[in-house]
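The values are calculated or read from the model by the stated rules, or taken from the named source; none is laboratory data. Note that the structure is a prediction, hence the values are computed from the model and not measured. Don't worry about glycine lacking a Cβ; one is built from the backbone with ideal geometry, like all the others, and counts go over all protein chains shown.
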Amino acid sequence: MAGPESLPDPPPREALLSELEACPVPPEQRPLEQYRELQDSWFFAWPHASFNGLAVPLWRAWLIAMPFTLLVATGSVPLRHDLPRLVAAGGVAALVVPLLLLVRQWLGWTNLQRRLTATAVEYEESGWYDGQVWEKPLAWRQQDLLVARHEVRPVLDRLQQALALIAALMLAGASLCQAL
């Protein structure tokens with residue numbers, strides 16, 4: 001009778017290499033390779049390390065958008081004569097840029113999460129929309145699940161927090177515009 005301390009032996013290295021060689025998925029379409037690409041990407045790497053790594057570029061995007069939104073807001077005659085409302089409206093409108101950046105990152109990371117947790121990989125063999133599906137071997141699934149849980153999930157959590165913060169700021173700013 002095997003006890004809890006007897007775990008199954010990992011597959012031999014040769015078996016893993018033969019699975020890798022037998023994999024019909026082009027290397028750039030494999031989920032782990034896509035994870036490495038997102039991790040190395042200038043844009044998608046923002047939320048990977050920490051929340052501050054995400055907050056600083058979003059803050060910069062907001063600051064860059066702010067003068068443009070203030071310029072547009074000055075086109076409103078009532079706002080032109082009410083400086084506090086003008087600044088509040090411009091600030092709220094400038095939050096749209098970081099919001100769009102967050103949505104794009106959310107879409108990229110959730111797509112990767114979906115591909116990592118799937119039991120099969122969808123891929124294009126020749127680039128002519130000849131969609132194929134390849135069942136992941138157990139070793140690949142285990143590795144992909146580990147990456148999805150311990151690397152991608154924290155990124156999605158940071159993105160979710162940032163989206164909630166932007167939504168709260170937009171609501172607070174809109175309420176402030178109404179109160180002024």
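Report yes if some residue within segment 117-125 is more than 21 Å from LEU156 (Cα to Cα), surrounded by 12 or more Cβ atoms within 10 Å (Cβ to Cβ), among the charged types (D, E, K, R) and in contact with an Asp or Glu (Cβ under 9 Å, 6 or more places away or on another chain); otherwise report no. The answer is yes, given that some residue of segment 117-125 is more than 21 Å from LEU156 (Cα to Cα), surrounded by 12 or more Cβ atoms within 10 Å (Cβ to Cβ), among the charged types (D, E, K, R) and in contact with an Asp or Glu (Cβ under 9 Å, 6 or more places away or on another chain).
Among the residues of segment 115-136, the ones that are assigned to a helix (DSSP H, G or I) and either in contact with a His (Cβ under 7 Å, 6 or more places away or on another chain) or among the basic types (Lys, Arg) (or both) come to 1 in all. TRP106 satisfies every condition listed in (1) surrounded by 14 or more Cβ atoms within 10 Å (Cβ to Cβ); (2) of a type in the set (Phe, Trp, Tyr); (3) more than 27 Å from PRO31 (Cα to Cα) except (3).
Each residue in segment 112-137 was checked for being hydrophobic (A, V, I, L, M, F, W, C) and at pLDDT 90 or above, and 3 of them qualify. Looking only at segment 20-32, residues that are in a helix (DSSP H, G or I) and surrounded by 13 or more Cβ atoms within 10 Å (Cβ to Cβ) come to 4 in all.
Only one of the listed residues (LEU171, LEU145) is surrounded by fewer than 16 Cβ atoms within 10 Å (Cβ to Cβ), out of contact with any Leu (no Cβ under 9 Å at 6 or more places or on another chain) and assigned to a helix (DSSP H, G or I). That residue is LEU171.
Given the criteria charged (D, E, K, R), within 13 Å of PRO31 (Cβ to Cβ) and crowded, with 16+ Cβ neighbours inside 10 Å, does ARG114 qualify? Considered against the rule, which asks whether it is charged (D, E, K, R), within 13 Å of PRO31 (Cβ to Cβ) and crowded, with 16+ Cβ neighbours inside 10 Å, ARG114 comes out as no.
Annotation note: Cβ proximity below 8 Å between a residue of segment 129-150 that is without any contact (Cβ under 8 Å) to a residue 40 or more places away in the chain and a residue that is acidic (Asp, Glu) (sequence gap 6+ or interchain) occurs for ASP130/GLU124; GLY131/GLU122; GLY131/GLU124; VAL133/GLU122; LYS136/ASP144. Quick one: would you say LEU112 is assigned to a helix (DSSP H, G or I) and more than 29 Å from CYS23 (Cα to Cα)? Here the answer is no, as LEU112 does not meet what is asked.
Only one entry of ALA49, ALA89, ALA22, ALA73 meets the criterion of being among the aliphatic types (A, V, I, L, M) and modelled with pLDDT of 85 or more, and that entry is ALA89. Residues in segment 73-98 that are within 24 Å of the chain's Cα centre (by Cα) and in a helix (DSSP H, G or I) were compared, and the one that is nearest to ALA55 (Cα to Cα) is PRO98. Say we look at segment 47-69 and pick out the residues that are farther than 22 Å from ALA168 by Cβ and in contact (Cβ under 8 Å) with a residue 12 or more places away in the chain; which of these is surrounded by the most Cβ atoms within 10 Å (Cβ to Cβ)? Once the filter is applied, the top-ranked residue is HIS48. Number of residues in segment 71-102 that are in contact (Cβ under 8 Å) with a residue 24 or more places away in the chain and surrounded by 13 or more Cβ atoms within 10 Å (Cβ to Cβ): the value is 16.
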